[in-house]
Amino acid sequence: MSRVLVTGGGGFIGRSLVPQLLAAGHEVHVIGRSPVAGAIHHGADLLAPGAAEAVRAIGAMHLIHCAWYAIPGRYWTAPENLDWVAASLAIARGFAEGGGKRLIGIGSCAEYRWGDDPLDEARTPIAPSTLYGTAKGSLGMLLTSAAPALGLSVAWARLFFPYGPSERSERLLGTLLHALASGGRASFGTGLQSRDFIHVDDAASALVALLGSEVAGAINVGTGEATEVRRFVGIAADAARMTERVDLGALEPGMDEAPVVRASIERLTTELGWRPRFTIETGIQDAVQRFRETLA
C-alpha cells in the first residue's frame, strides 16, 4: 500500500482514522506535536513557517489533512481559522512538491446555507454564517481550483456531526459522558433541532474509502439520516443508565439552531459504495460502552 501522511492524527477524527489506515496496510505518518500509536511521528508545529518543508521531506503520496482549530464553542468565530487557512495552503504546496498525488481535505457542513434539506454538494448554496464555515469553504475552493496546477487529485470531505467515545466535555455526547464520569448532571437545550450524526469510526471509514478512490471535489460525509438532539440524548442517557441526571431545556438555544441539518449522501453511496456501519442506536451504545471501558 502507500505512504499516507495524516495531520491532526491525535485529534478526534485522527484517533479513529490512523488505526483504520494501518489496518488497511498503509504506511502511516503523522505530523504534529504528539505521536500516535502505530504511526511514524514527525514533530512539527503546523502553524510555523517550516511546516511546509517538513511535509515535503516526508514524501508521502497521500495526505489526509484533519488538523484545525477545534475548541468547542470557540471555533465558530476564532481568528485562528485564518491561521489554519494559510497553514493548510502551505502544507498542500509542500505535499505536492514532495511528490504527493492525492489530498483529502476535511471540510464542514457549516460551509452550506442551512435551511435546505438535505444539503447537496451540487445544488445547495455555499453561504456560511460563521467564520469557521467561511474559512473551511474558502480553503476547499482554493485547493480544488489549484489541484491541476499542483498536480494533485483533491477531494473535499464535508463532514457533518461526528460523535464518539473520546469527545471533549463541551460537545453533545461528551457532556453526558463526562457527567457520567463525575457523577454530576448533564444539561442541554430543548433539543428540538435535528442533525445528521455520524459515528467517528464511520466518518473515518468514509475517509479511507475516499483516499483510495478517484472521487474529486466536494463530497458530503454523513449518514443521510437526521435525528432530533433530544432523541440522541435520550438514547445516550439510557445506554449510560443516567436518565435521572439529564436536564433537557436547561440551556439557552445556541447559534446553530436550524431545524434540520442533514446530508445528501448520493455521491458517497453511489461513487464510493460506502454505507455507515452504525445506526444511531448502535453507534451511541458503542460510544458509551467504550467510554465506560476507559473508566474501568
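Brief remarks on what is shown
- Once the mean of 1/r is taken over each pair of separate Cα atoms and inverted, the stretch 222-293 shows a Kirkwood hydrodynamic radius of 14.4 Å.
- The stretch 93-127 and the stretch 264-295 have Cα centres separated by 21 Å.
- Computed label-point distance, nm, for sites R275 and H42 using a 7 Å Cα→Cβ extension: 3.8 nm
- Dividing the convex hull volume of the alpha-carbon atoms in the stretch 7-58 by its residue count gives 67 Å³ per residue.
- Near A122: Cβ cut-off under 10 Å, other residues only, Lys/Arg at +1 and Asp/Glu at -1. The net charge is -1.
- Simple label model, 7 Å out from Cα along Cβ direction - E266 to A24, nm: 2.5 nm
- At full extension, L142 and R33 could sit 36.6 nm farther apart than now, given 0.36 nm per residue minus the alpha carbon distance.
- Kirkwood Rh (inverse of mean 1/r, distinct Cα pairs), the stretch 201-257, angstrom: 14.7 Å
- Beta bridges per DSSP, both residues in the stretch 94-228: antiparallel share near 15 percent.
- Percent breakdown of C-alpha pair distances by 10 Å bin, ordered from the shortest bin, for the stretch 255-296: 22, 27, 35, 15, 0
- Within the stretch 23-113, the percentage of alpha carbon pairs spaced more than 16 angstrom apart rounds to 58%.
- Intensity falloff of the stretch 118-220 expressed as log10 I(q)/I(0), Debye formula with alpha-carbon point scatterers, at q = 0.11, 0.22, 0.25 Å⁻¹: -0.48, -1.28, -1.39
- For the stretch 44-50, Karplus couplings with θ = phi - 60° (6.51, -1.76, 1.60), whole Hz, Gly/Pro x: 6, 9, 5, 8, 7, x, x
- Contour minus Cα-Cα distance for D83 and A149 (0.36 nm per residue): 21.4 nm
- Neighbour counts of other Cβ atoms within 10 Å put M242, M141 in the fewest-to-most order M141, M242.
- Burial ordering of D196, D120, fewest other beta-carbon atoms within 10 Å first: D120, D196
- Residues of the stretch 154-190 with an amide N closer than 14 Å to a point placed 7 Å from the Cα of E293 along the Cα-to-Cβ direction: 165-166.
- Two-decimal Rg/Rh across the stretch 167-274, once Rg and the Kirkwood Rh are taken from alpha-carbon atoms: 1.05
- Karplus (6.51, -1.76, 1.60) ³J(HN,Hα), θ = phi - 60°, over the stretch 280-294, in Hz, Gly and Pro reported as x: 5, 5, 5, x, 5, 4, 4, 5, 5, 4, 5, 5, 4, 5, 5
- With the largest listed first and rounded to whole Å, the semi-axes of the equivalent ellipsoid of the chain from the Cα gyration tensor are 31, 21, 18.
- Relative contact order of the chain, pairs being alpha-carbon contacts under 8 Å that are 6 or more residues apart, as %: 17 percent
Every number here is computed from the coordinates shown, using simple stated rules; none is lab data. It should be emphasised that the depicted structure is a prediction, and the values quoted were computed from it without experimental measurement. Because the Cβ atoms are built from the backbone with ideal geometry, glycine has one as well, and the counts that use them run over all protein chains shown.
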